[in-house]
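Values quoted throughout were computed directly from the atomic coordinates according to the rules given, and no laboratory measurement underlies them. These numbers were taken from a predicted model, which means no experiment stands behind them. Heads up, the Cβs are rebuilt from the backbone with ideal geometry, glycines too, and the neighbour counts pull from every protein chain shown.
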Amino acid sequence: MNREQALAIVKQHLTDHRYVHTLGVVESAVELARRFGADEGKAELAAILHDYAKFRNKDEMRTLIRDHLQDHTLLEYSSELLHAPCGAYYVKEEQGITDEDVLNAIRYHTTGRVGMNLLEKVVFLADYIEPNRQFPGVDVVREIAKVDLDEAIIQALENTITFLMKRRQLIYPETMATFNDLITKQK
Ligand code: DGI
Ligand code: FE
Ligand code: FE
Ligand code: FE
């Protein structure tokens, strides 16, 4: 599947706003891939498809996780987390994407995971810093991303975890574990 085909597919699944976000993630992911030496083609494809399931029915996704995916703990946390693993499943089943690197970059783009590889990190960070994002602290992360991929992700995770805590929202344990994993490797 080439870039134009993938873009045409996701456009059908997304709102205009979310499609513009996706184009921003593609731009940032390709730039980060080039900067840090990840596969640019895989980064581009994963970025295009990363929010494929963003607007899928939540109950459909819960059922999918119960019936077809290994880890059910996600069901106890924010429904915002469902679209990442379900997106990986759907692009494989519905669009024939079989590249495990691309699928994992989609699967872990919201929560991260312990032992993220380079491509997963690139897509995770691109989703956070793409040019259309405006949340507090994003400019600091953009600056760090010019020089240090892991440190930028650590800062993005700190922002997200703090944001969730202030609103008394549950923190998915793997998100916390991703933070711990990266700061441990940094020392
Ligand atoms: O899909 P996007 O909006 O582009 O971005 P995303 O896939 O990173 O999803 C962000 C949302 O997910 C945001 O509302 C915060 C939420 N989120 C991220 N990590 C966690 C989380 N929510 C909970 N409860 N726990 C997490 O660890
Ligand atoms: Fe997402
Ligand atoms: Fe994200
Ligand atoms: Fe996104």
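So here's what we get for this one:
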read-out	value
Helices (runs of 4 or more DSSP H) contained in segment 31-95 and holding at least 1 residues within 17 Å of A105 (Cα to Cα)	40-49, 83-95
Tally, over segment 139-187, of residues that are within 26 Å of L74 (Cα to Cα), part of a helix (DSSP H, G or I) and among the hydrophobic types (A, V, I, L, M, F, W, C)	14
Tally of residues being more than 8 Å from the chain's Cα centre (by Cα), part of a helix (DSSP H, G or I) and not acidic (D, E) across segment 100-125	7
Residue in segment 50-58 that is within 16 Å of ligand 4 (Cβ to nearest atom), within 29 Å of R3 (Cβ to Cβ) and surrounded by fewer than 16 Cβ atoms within 10 Å (Cβ to Cβ) present	yes
Test result for S78, within 15 Å of ligand 3 (Cβ to nearest atom), of a type in the set (S, T, N, Q), buried (at least 22 other Cβ atoms within 10 Å of the Cβ) and under 23 Å from F179 (Cβ atoms)	no
